[in-house]
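*Asks:* Below is one structure. I have some questions about it.
The values are calculated or read from the model by the stated rules, or taken from the named source; none is laboratory data. These numbers were taken from a predicted model, which means no experiment stands behind them. Positions of Cβ are backbone-derived with ideal geometry, glycine not excepted, and every protein chain shown enters the neighbour counts. Calculation scope for accessible area: heavy atoms of the full protein, side chains included, ligands and nucleic acids excluded. Shrake-Rupley method; radii C 1.70, N 1.55, O 1.52, S 1.80 Å.
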Amino acid sequence: MITNNVMKQIVALSNKPYVFERGTGNIWTEEYIAKQMLKAHLDKTSDGASRNIEAIEKTVDFINKAIKKNSTILDLGCGPGLYAERLFQLGHSITGIDFSENTIQYARNHAKQENLQIEYRCEDMFQLNYNKQFDVVMQIYGEINTFSGYEREQIFRIVREALKPEGVFIFDVTTPVHRKKSGLSNKWYISENGFWRGNRHLVLEEGFAYEDNIWLDQYIVMDEEEIKVYPNWFHNYTKKDIETIVLEAGFTKVNVINSLTGESNSNESEWLTVIAEK
Ligand SMILES: C[S@@+](CC[C@H](N)C(=O)[O-])C[C@H]1O[C@@H](n2cnc3c(N)ncnc32)[C@H](O)[C@@H]1O
(Lines give C-alpha, C1' and ligand atoms only; values in the text may rest on other atoms or scores of the structure.)
Protein backbone atom coordinates (compact mmCIF):
# COMPACT_ATOMS: atom_id res chain seq x y z
CA MET A 1 0.00 0.00 0.00
CA ILE A 2 1.26 3.50 -0.91
CA THR A 3 1.85 5.48 2.24
CA ASN A 4 0.42 8.93 2.67
CA ASN A 5 3.97 10.26 2.84
CA VAL A 6 4.97 9.05 -0.64
CA MET A 7 1.75 10.42 -2.09
CA LYS A 8 2.33 13.80 -0.40
CA GLN A 9 5.93 13.91 -1.57
CA ILE A 10 5.03 13.22 -5.22
CA VAL A 11 2.23 15.77 -5.19
CA ALA A 12 4.55 18.40 -3.67
CA LEU A 13 7.31 17.66 -6.20
CA SER A 14 4.86 17.94 -9.11
CA ASN A 15 3.95 21.55 -8.27
CA LYS A 16 5.30 24.13 -10.67
CA PRO A 17 8.72 25.14 -9.30
CA TYR A 18 9.79 28.75 -9.04
CA VAL A 19 11.91 29.89 -11.92
CA PHE A 20 15.37 28.27 -12.01
CA GLU A 21 14.69 26.33 -8.80
CA ARG A 22 17.32 23.60 -8.38
CA GLY A 23 16.39 19.94 -8.11
CA THR A 24 17.74 17.23 -5.86
CA GLY A 25 19.67 15.36 -8.58
CA ASN A 26 22.39 16.27 -11.09
CA ILE A 27 22.31 14.71 -14.56
CA TRP A 28 26.00 15.40 -15.28
CA THR A 29 27.74 14.32 -12.10
CA GLU A 30 25.72 11.39 -10.67
CA GLU A 31 27.70 8.24 -11.36
CA TYR A 32 25.07 6.10 -13.08
CA ILE A 33 23.58 8.89 -15.21
CA ALA A 34 27.06 10.22 -16.09
CA LYS A 35 27.84 6.83 -17.67
CA GLN A 36 24.67 7.01 -19.79
CA MET A 37 25.60 10.59 -20.74
CA LEU A 38 29.03 9.49 -21.89
CA LYS A 39 27.42 6.86 -24.14
CA ALA A 40 25.14 9.59 -25.53
CA HIS A 41 28.12 11.94 -26.12
CA LEU A 42 29.92 9.22 -28.05
CA ASP A 43 26.95 8.19 -30.20
CA LYS A 44 27.99 9.71 -33.52
CA THR A 45 24.50 9.61 -34.98
CA SER A 46 22.51 11.25 -32.20
CA ASP A 47 22.04 14.83 -31.01
CA GLY A 48 21.71 13.71 -27.37
CA ALA A 49 24.47 14.99 -25.07
CA SER A 50 26.64 16.18 -28.01
CA ARG A 51 25.64 16.92 -31.60
CA ASN A 52 25.98 14.27 -34.31
CA ILE A 53 29.45 13.89 -35.81
CA GLU A 54 28.72 15.74 -39.04
CA ALA A 55 27.45 18.79 -37.12
CA ILE A 56 30.50 18.65 -34.82
CA GLU A 57 32.84 18.66 -37.80
CA LYS A 58 31.02 21.60 -39.40
CA THR A 59 31.17 23.52 -36.11
CA VAL A 60 34.89 22.83 -35.69
CA ASP A 61 35.51 24.03 -39.24
CA PHE A 62 33.44 27.16 -38.55
CA ILE A 63 35.30 27.92 -35.29
CA ASN A 64 38.69 27.26 -36.89
CA LYS A 65 37.93 29.78 -39.65
CA ALA A 66 36.59 32.36 -37.16
CA ILE A 67 39.71 32.41 -34.93
CA LYS A 68 43.43 33.10 -35.35
CA LYS A 69 45.92 30.34 -36.16
CA ASN A 70 47.46 28.62 -33.11
CA SER A 71 44.95 30.10 -30.67
CA THR A 72 44.86 29.28 -26.99
CA ILE A 73 41.35 27.97 -26.34
CA LEU A 74 39.40 27.35 -23.15
CA ASP A 75 36.53 24.89 -23.76
CA LEU A 76 33.91 25.26 -21.01
CA GLY A 77 31.80 22.13 -20.53
CA CYS A 78 34.08 20.25 -22.94
CA GLY A 79 32.42 16.84 -22.43
CA PRO A 80 34.57 13.97 -23.76
CA GLY A 81 36.65 16.34 -25.93
CA LEU A 82 34.98 15.90 -29.31
CA TYR A 83 35.69 19.55 -30.22
CA ALA A 84 38.90 19.85 -28.20
CA GLU A 85 40.62 16.97 -30.03
CA ARG A 86 39.72 18.27 -33.48
CA LEU A 87 40.76 21.84 -32.67
CA PHE A 88 44.06 20.57 -31.21
CA GLN A 89 44.72 18.69 -34.45
CA LEU A 90 44.21 21.97 -36.31
CA GLY A 91 47.09 23.52 -34.35
CA HIS A 92 45.31 25.19 -31.42
CA SER A 93 46.24 24.77 -27.79
CA ILE A 94 43.32 23.58 -25.64
CA THR A 95 42.28 23.52 -22.00
CA GLY A 96 39.04 21.60 -21.48
CA ILE A 97 36.94 22.05 -18.33
CA ASP A 98 34.10 19.79 -17.24
CA PHE A 99 32.72 18.91 -13.82
CA SER A 100 31.82 15.34 -14.80
CA GLU A 101 34.63 13.15 -13.44
CA ASN A 102 33.61 10.25 -15.68
CA THR A 103 33.65 12.36 -18.85
CA ILE A 104 36.96 14.07 -18.06
CA GLN A 105 38.56 10.72 -17.27
CA TYR A 106 37.43 9.44 -20.68
CA ALA A 107 38.73 12.62 -22.39
CA ARG A 108 42.14 12.31 -20.68
CA ASN A 109 42.50 8.63 -21.57
CA HIS A 110 41.44 9.18 -25.17
CA ALA A 111 43.84 12.11 -25.64
CA LYS A 112 46.69 10.04 -24.18
CA GLN A 113 45.87 7.12 -26.46
CA GLU A 114 45.88 9.44 -29.49
CA ASN A 115 48.95 11.32 -28.26
CA LEU A 116 47.18 14.70 -28.11
CA GLN A 117 48.53 17.22 -25.60
CA ILE A 118 45.25 18.63 -24.30
CA GLU A 119 44.89 19.80 -20.72
CA TYR A 120 41.67 18.53 -19.15
CA ARG A 121 40.52 19.74 -15.75
CA CYS A 122 37.64 18.38 -13.72
CA GLU A 123 36.23 21.61 -12.33
CA ASP A 124 33.04 23.57 -11.95
CA MET A 125 33.17 26.40 -14.50
CA PHE A 126 31.63 28.77 -11.95
CA GLN A 127 34.76 28.37 -9.78
CA LEU A 128 37.32 29.26 -12.46
CA ASN A 129 39.82 32.00 -11.92
CA TYR A 130 41.83 32.52 -15.13
CA ASN A 131 43.38 35.87 -15.90
CA LYS A 132 43.83 37.06 -19.53
CA GLN A 133 45.21 33.71 -20.69
CA PHE A 134 43.09 32.72 -23.68
CA ASP A 135 42.48 33.97 -27.23
CA VAL A 136 39.21 32.08 -27.34
CA VAL A 137 36.71 30.75 -24.81
CA MET A 138 34.09 28.42 -26.24
CA GLN A 139 30.97 26.85 -24.83
CA ILE A 140 29.09 24.60 -27.21
CA TYR A 141 25.67 22.99 -27.24
CA GLY A 142 23.44 25.41 -25.43
CA GLU A 143 24.93 25.47 -21.94
CA ILE A 144 24.11 29.20 -21.67
CA ASN A 145 20.42 28.33 -22.20
CA THR A 146 20.42 26.37 -18.95
CA PHE A 147 21.62 29.28 -16.78
CA SER A 148 19.55 31.75 -14.78
CA GLY A 149 20.25 35.44 -15.48
CA TYR A 150 22.50 35.56 -12.41
CA GLU A 151 24.51 32.50 -13.50
CA ARG A 152 24.81 33.81 -17.05
CA GLU A 153 26.27 37.08 -15.73
CA GLN A 154 28.72 35.13 -13.56
CA ILE A 155 29.91 33.09 -16.55
CA PHE A 156 30.26 36.17 -18.74
CA ARG A 157 32.42 37.78 -16.03
CA ILE A 158 34.58 34.63 -15.65
CA VAL A 159 34.98 34.43 -19.45
CA ARG A 160 35.92 38.12 -19.79
CA GLU A 161 38.57 37.70 -17.11
CA ALA A 162 39.94 34.58 -18.83
CA LEU A 163 40.22 36.27 -22.24
CA LYS A 164 43.22 38.21 -23.51
CA PRO A 165 42.42 41.73 -24.81
CA GLU A 166 40.44 41.32 -28.07
CA GLY A 167 39.86 37.66 -27.29
CA VAL A 168 36.54 36.12 -28.32
CA PHE A 169 33.85 34.12 -26.58
CA ILE A 170 32.08 31.71 -28.96
CA PHE A 171 28.90 30.02 -27.77
CA ASP A 172 25.58 28.82 -29.13
CA VAL A 173 22.03 29.24 -27.87
CA THR A 174 18.60 28.01 -28.89
CA THR A 175 15.92 30.46 -30.02
CA PRO A 176 12.17 30.40 -29.22
CA VAL A 177 11.69 28.49 -32.52
CA HIS A 178 13.40 25.49 -30.91
CA ARG A 179 10.71 25.16 -28.22
CA LYS A 180 7.90 25.78 -30.70
CA LYS A 181 9.12 22.68 -32.53
CA SER A 182 9.77 20.46 -29.51
CA GLY A 183 6.75 21.48 -27.36
CA LEU A 184 6.18 20.37 -23.76
CA SER A 185 6.16 16.79 -22.59
CA ASN A 186 3.77 15.37 -20.03
CA LYS A 187 4.08 11.62 -19.57
CA TRP A 188 5.12 8.82 -17.26
CA TYR A 189 6.71 5.42 -17.69
CA ILE A 190 8.26 2.53 -15.78
CA SER A 191 11.59 1.15 -16.93
CA GLU A 192 13.57 -1.86 -15.72
CA ASN A 193 16.93 -0.46 -16.80
CA GLY A 194 17.29 2.83 -18.61
CA PHE A 195 18.84 6.27 -18.81
CA TRP A 196 17.94 7.30 -15.25
CA ARG A 197 18.52 4.11 -13.26
CA GLY A 198 19.94 0.62 -13.72
CA ASN A 199 17.09 -0.91 -11.69
CA ARG A 200 13.29 -0.65 -11.91
CA HIS A 201 12.15 2.95 -11.71
CA LEU A 202 9.23 5.24 -12.43
CA VAL A 203 9.72 8.48 -14.38
CA LEU A 204 7.23 11.35 -14.23
CA GLU A 205 8.04 13.85 -16.94
CA GLU A 206 6.41 17.27 -17.02
CA GLY A 207 7.04 20.50 -18.92
CA PHE A 208 6.31 24.01 -17.64
CA ALA A 209 6.25 27.37 -19.41
CA TYR A 210 7.43 30.61 -17.77
CA GLU A 211 7.57 34.24 -18.87
CA ASP A 212 10.41 35.58 -20.98
CA ASN A 213 10.97 32.43 -23.11
CA ILE A 214 11.94 30.30 -20.11
CA TRP A 215 10.93 26.63 -20.02
CA LEU A 216 11.39 23.68 -17.71
CA ASP A 217 11.48 19.98 -18.58
CA GLN A 218 11.28 18.27 -15.22
CA TYR A 219 11.90 14.59 -14.49
CA ILE A 220 10.82 13.05 -11.17
CA VAL A 221 12.56 9.69 -10.84
CA MET A 222 11.50 7.15 -8.21
CA ASP A 223 12.97 3.75 -7.42
CA GLU A 224 12.76 1.55 -4.33
CA GLU A 225 15.36 3.69 -2.54
CA GLU A 226 14.46 7.31 -3.23
CA ILE A 227 12.66 9.98 -5.22
CA LYS A 228 14.78 12.60 -7.02
CA VAL A 229 13.96 15.63 -9.12
CA TYR A 230 16.00 16.56 -12.21
CA PRO A 231 15.02 19.94 -13.64
CA ASN A 232 16.25 20.88 -17.12
CA TRP A 233 15.93 24.64 -17.50
CA PHE A 234 15.99 26.41 -20.86
CA HIS A 235 16.07 30.12 -21.48
CA ASN A 236 15.68 30.67 -25.23
CA TYR A 237 17.04 33.85 -26.79
CA THR A 238 16.15 35.88 -29.86
CA LYS A 239 18.99 37.43 -31.83
CA LYS A 240 18.13 40.85 -30.37
CA ASP A 241 17.99 39.50 -26.76
CA ILE A 242 21.38 37.86 -26.93
CA GLU A 243 23.06 40.81 -28.65
CA THR A 244 21.80 43.18 -25.93
CA ILE A 245 22.78 40.83 -23.10
CA VAL A 246 26.30 40.29 -24.45
CA LEU A 247 26.96 44.01 -24.90
CA GLU A 248 25.52 44.80 -21.45
CA ALA A 249 27.90 42.20 -20.01
CA GLY A 250 30.80 44.37 -21.19
CA PHE A 251 31.84 42.76 -24.49
CA THR A 252 32.70 45.41 -27.07
CA LYS A 253 31.38 43.73 -30.24
CA VAL A 254 28.98 40.93 -31.00
CA ASN A 255 28.25 38.96 -34.13
CA VAL A 256 25.26 36.60 -34.10
CA ILE A 257 24.83 34.12 -36.92
CA ASN A 258 22.89 30.99 -37.70
CA SER A 259 24.60 28.05 -36.11
CA LEU A 260 26.97 25.87 -38.12
CA THR A 261 26.27 27.29 -41.54
CA GLY A 262 27.40 30.87 -41.07
CA GLU A 263 24.64 31.91 -43.48
CA SER A 264 22.63 35.11 -43.06
CA ASN A 265 20.03 35.20 -40.29
CA SER A 266 16.57 33.83 -40.71
CA ASN A 267 13.67 34.14 -38.26
CA GLU A 268 13.24 30.38 -38.40
CA SER A 269 16.63 29.40 -37.03
CA GLU A 270 16.52 27.11 -33.97
CA TRP A 271 20.12 27.83 -33.01
CA LEU A 272 22.31 30.92 -33.02
CA THR A 273 26.06 31.07 -32.77
CA VAL A 274 27.40 34.10 -30.92
CA ILE A 275 30.89 35.53 -31.28
CA ALA A 276 31.47 38.14 -28.58
CA GLU A 277 34.68 40.16 -28.56
CA LYS A 278 36.24 41.36 -25.32
C1 LIG B 1 25.38 19.54 -23.37
S2 LIG B 1 26.93 18.94 -22.81
C3 LIG B 1 27.98 19.54 -24.10
C4 LIG B 1 29.37 18.99 -24.07
C5 LIG B 1 30.28 19.46 -25.21
N6 LIG B 1 30.38 20.90 -25.24
C7 LIG B 1 29.79 18.93 -26.54
O8 LIG B 1 29.01 19.63 -27.20
O9 LIG B 1 30.18 17.81 -26.88
C10 LIG B 1 27.30 20.05 -21.46
C11 LIG B 1 28.57 19.72 -20.70
O12 LIG B 1 28.78 20.75 -19.72
C13 LIG B 1 29.20 20.16 -18.52
N14 LIG B 1 28.83 21.09 -17.44
C15 LIG B 1 27.58 21.49 -17.10
N16 LIG B 1 27.64 22.37 -16.08
C17 LIG B 1 28.96 22.51 -15.76
C18 LIG B 1 29.66 23.25 -14.78
N19 LIG B 1 29.01 24.04 -13.90
N20 LIG B 1 31.01 23.17 -14.74
C21 LIG B 1 31.69 22.36 -15.61
N22 LIG B 1 31.07 21.61 -16.56
C23 LIG B 1 29.72 21.69 -16.63
C24 LIG B 1 28.50 18.82 -18.46
O25 LIG B 1 29.16 17.91 -17.61
C26 LIG B 1 28.52 18.41 -19.93
O27 LIG B 1 29.66 17.65 -20.24
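*Asks:* Excluding ligands, DNA and RNA, what is the solvent-accessible area per residue of the chain at a probe of 1.4 Å, expressed in Å²?
*Replies:* The answer is 52 Å² per residue.
*Asks:* Work out the charge dipole of the chain with +1 on the Cβ of Lys and Arg and -1 on the Cβ of Asp and Glu about the Cα centre, then indicate which of H235, S182, F171 is farthest towards its positive end.
*Replies:* F171
*Asks:* With the Cα gyration tensor of the stretch 10-168 giving a ≥ b ≥ c as the square roots of its eigenvalues, does the rule (a/c under 1.5 for rounded; else a/b larger than b/c for prolate; else oblate) give rounded, prolate or oblate?
*Replies:* oblate
*Asks:* So if I place +1 on the C-beta of Lys and Arg and -1 on the C-beta of Asp and Glu, and nothing else carries charge, what would the dipole magnitude of the stretch 65-145 be about its Cα centre? I want it in debye, nearest 20.
*Replies:* 400
*Asks:* From the Cα gyration tensor of the stretch 104-201, with a ≥ b ≥ c the square roots of its eigenvalues, which class applies: rounded if a/c is under 1.5, or else prolate if a/b is larger than b/c, or else oblate?
*Replies:* oblate
*Asks:* To the nearest 20 debye, what charge dipole does the stretch 1-156 have about its Cα centre, counting +1 at the Cβ of each Lys and Arg and -1 at the Cβ of each Asp and Glu? Could the numbers behind the result be given before it?
*Replies:* Values: 17 positive and 20 negative charges, 29 e Å.
The calculation lands at about 140 debye.
*Asks:* Among S191, V254, G207, whose Cα lies farthest out toward the positive end of the dipole of the stretch 175-278, if unit charges sit on the beta carbon of Lys, Arg (+1) and Asp, Glu (-1)?
*Replies:* V254
*Asks:* Something else now. Round to the nearest 10 and give me the degree value, 0 to 90, for the angle of helix 4-14's Cα axis relative to the longest principal axis of the chain.
*Replies:* The two axes meet at around 30 degrees.
*Asks:* If we count every other residue with Cβ under 14 angstrom of F251's Cβ, Lys/Arg +1 and Asp/Glu -1, where does the sum land?
*Replies:* Around F251, the surrounding residues sum to 0.
*Asks:* Let me ask something else about it. Just add up the charged neighbours of G77: K/R +1, D/E -1, any other residue whose Cβ is under 9 Å from the Cβ of G77.
*Replies:* Net of charged neighbours comes to -3.
*Asks:* Which trypsin sites (Lys or Arg not before Pro) does the stretch 106-183 hold that lie in a coil by DSSP with at most 12 other beta carbons within 10 Å? Before the final figure, lay out the partial values.
*Replies:* Numbers: sites: R108, K112, R121, K132, R152, R157, R160, R179, K180, K181; in loops: K132.
Within the stretch 106-183, the qualifying trypsin sites (Lys or Arg not before Pro) (loop, at most 12 other Cβ atoms within 10 Å) are K132.
*Asks:* I want the antiparallel fraction of DSSP beta bridges within the chain, as a percent rounded to 5. Provide the component values of the computation, followed by the final result.
*Replies:* Details: 37 of 54 bridges.
Just about 70 percent of them are antiparallel.
*Asks:* Can you give the longest stretch of the chain with no exposed loop site, where a site means GluC sites (Glu not before Pro) in a DSSP loop (not H, G, I, E or B) with at most 11 other C-beta atoms within 10 Å?
*Replies:* Maximal segment without exposed cleavage sites: 1-191.
*Asks:* Loop only by DSSP, 14 or fewer other Cβ within 10 Å of the Cβ. Give me the trypsin sites (Lys or Arg not before Pro) in the stretch 4-78 that pass, ordered by residue number.
*Replies:* Values: sites: K8, R22, K35, K39, K44, R51, K58, K65, K68, K69; in loops: R22, K44, R51, K68, K69.
Filter output for the stretch 4-78: R22, K44, K68, K69.
*Asks:* Please give every one of the lysines within straight-line cross-link reach of K253, meaning a C-alpha to C-alpha distance under 22 Å, and leave out same-chain neighbours fewer than 8 residues apart.
*Replies:* Straight-distance partners of K253: K65, K68, K69, K132, K164, K239, K240, K278.
*Asks:* Still on this structure, I have one more. What is the set of long-range amide H partners of R197 at a cut-off below 5 Å, with H atoms built 1.01 Å from backbone N?
*Replies:* Those qualifying (amide H under 5 Å, at least 5 residues apart or on another chain) number zero.
*Asks:* Taking a ≥ b ≥ c as the square roots of the Cα gyration tensor eigenvalues, with a/c under 1.5 meaning rounded and otherwise prolate when a/b beats b/c, else oblate, which class fits the chain?
*Replies:* It is prolate, given that a/c is not under 1.5 and a/b is the larger ratio.
*Asks:* Rounding to the nearest 20 debye, state how big the charge dipole of the chain is about its Cα centre with +1 on each Lys and Arg Cβ and -1 on each Asp and Glu Cβ.
*Replies:* Its charge dipole is roughly 400 debye.
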